[in-house]
1. Going by average Cβ neighbours within 10 Å, how do the peptides 257-264, 55-62, 154-161 rank, with the highest at the top?
2. Fully extended, how many nm does the chain gain between Ile262 and Ser186 (0.36 nm per residue separation, minus their Cα-Cα distance)?
3. Would you mind counting up the charge near Phe370? Only other residues with Cβ under 12 Å from its Cβ, with Lys and Arg at +1 and Asp and Glu at -1.
4. For the stretch 239-386, report the % of Cα-Cα distances exceeding 19 Å.
5. Using the alpha-carbon centroid of each, what span in Å lies between the stretch 352-379 and the stretch 149-201?
6. On full extension of the chain, what length is gained from Tyr341 through His211, given 0.36 nm per residue of separation minus the C-alpha to C-alpha distance?
7. Nearest 0.05, what FRET efficiency do Tyr307 and Asp41 give at R0 = 45 Å with Cβ-Cβ as r?
8. Fewest first, what order do Lys22, Lys99 take by the number of other Cβ atoms within 10 Å?
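FYI, it's all coordinate maths here, none of it is from the lab. Note that the structure is predicted; figures quoted are calculated from it, not measured. Note that each Cβ is placed from the backbone with ideal geometry, even for glycine, and that neighbours are counted across all protein chains shown.
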Amino acid sequence: IKPSELVSASLERISATDERVKAFLSVHGDEALARAKQLDDVPADAGLLYGIPGALKDNMSTKGLPTTCASKILANYKSAYDATVVTKLNDLGAVTVGKTNMDEFAMGSSGENSGFFPTHNPWDLTRVPGGSSSGSAASVAAGQVLFSLGSDTGGSIRQPASYCGVVGLKPTYGLVSRFGLVAYASSLDQIGPFTQTVEDNAIVLQAIAGHDKLDSTSANLAIPDYLAALTGDIKGLRIGLPKEYFGEGMDAGVREQIADVIKTLERLGATVGEVSLPNSKYALASYYLLAPAEASSNLARFDGVRYGLRVEGENLIDMYKRTRAEGFGEEVQRRIMLGTYALSSGYYDAYYLRAQKVRTLIKQDFDQVFENYDVILSPTAPTTAFELGKKSDDPVTMYLNDIYTIPVNLAGIPAISVPCGLSNGLPVGVQFIGKAFDESTLLRVAHAFE
Ligand code: GLN
């Protein structure tokens, strides 16, 4: 099959399904097809991503194409350069067919905070796909593309992967360059792949990982061969089950599927033991200080002067106010207010500094467990995909969807969500959490039981 046939098939699938799924904010069919045709003369050394159609969350810069972050404030903005991940994929011959919907500026857990329209879960169109990488997860689940990239600040790859029944990986902080990713909370954000299988996930991770001098937080380490890690052998692997993650709030159906996974892993020769992450209970509180604080600073640049929307006012300050009031959605404004408050003098020590200290304790909890265990297992989310509109009036209930994913970002370590069965016809995801830069072990265990 030729790249142009593959890309045409992807575009046809998108036109047949996206009216209902609404995974894409923009589809660039002509550009994608033109590029695929150029690739049709396949060189002998073509890699595994050559000619493969993929999609990008709309917070990754793509030269000459829109990058809106699903925000009205960037509705007419086009990127001036490519993100490093985009350059890497292009160099390998992958073809971007479009930019996917998301919660505005990656703030949300359901996809409903998009400034344009919500994405629907392909398994049940009345339900949310999860978020914030809603369109990236849904596009892979709906068979519109073979892979997509999302970003994960507190769960935004893993949680929608879980709701949509696909594989989603959040790499170790620093493994994948953030250059060209529109920053939400810079110390937590990571780009990672969505795919149908663990093997595909390893291929995409291989393509995007690696040092980048354009990102000062990028790690300068040798990148292992991730496909070689998929041996199928997990004999002797030590798996920790954090007791704090198996308490109240988890659906019975989710609990059942996770119990099955544990049995399967034991059958495959892994050993399982209970562990404790005592400071996890503070993770949500600490995250919802740190992430909004960083966001309030990062989003200061959208002022009506530098990018996108401008709403004229009586004077400069009035123009700023009108632009930001009209351009930013409710959740984004809420985060900016929370973050600005937490950083203001007199409150900094009480909130931001304390939250940073809690973050260190959470990281130490993980370090301690990893002295005796290779991976930690938990559900990815406490429930399966919920109905559209069901939680959108209550931010705190919405925040709870990320209770199992947020500690991982605070610790900077990697985690993968893998589909592990259905509950009432809806996908359940299991999360494996690993040591920093040990994506290989995560992929190996995920592949072994998949
Ligand atoms: N739901 C979380 C938030 O709204 C996480 C989002 C993300 O990972 N980008 O902040």
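1. In descending order of packing, they fall as 154-161, 55-62, 257-264.
2. 23.9 nm
3. -2
4. Values: 7284 of 10878 pairs.
When all Cα pairs of the stretch 239-386 are counted, 67 percent exceed 19 Å.
5. 19 Å
6. On the way: separation 130, 0.36 × 130 = 46.80 nm, distance 3.51 nm.
Using 0.36 nm per residue and subtracting the Cα-Cα distance, I get 43.3 nm.
7. 0.70
8. Ordered from fewest to most neighbouring Cβ atoms within 10 Å, Lys22, Lys99 come out as Lys22, Lys99.
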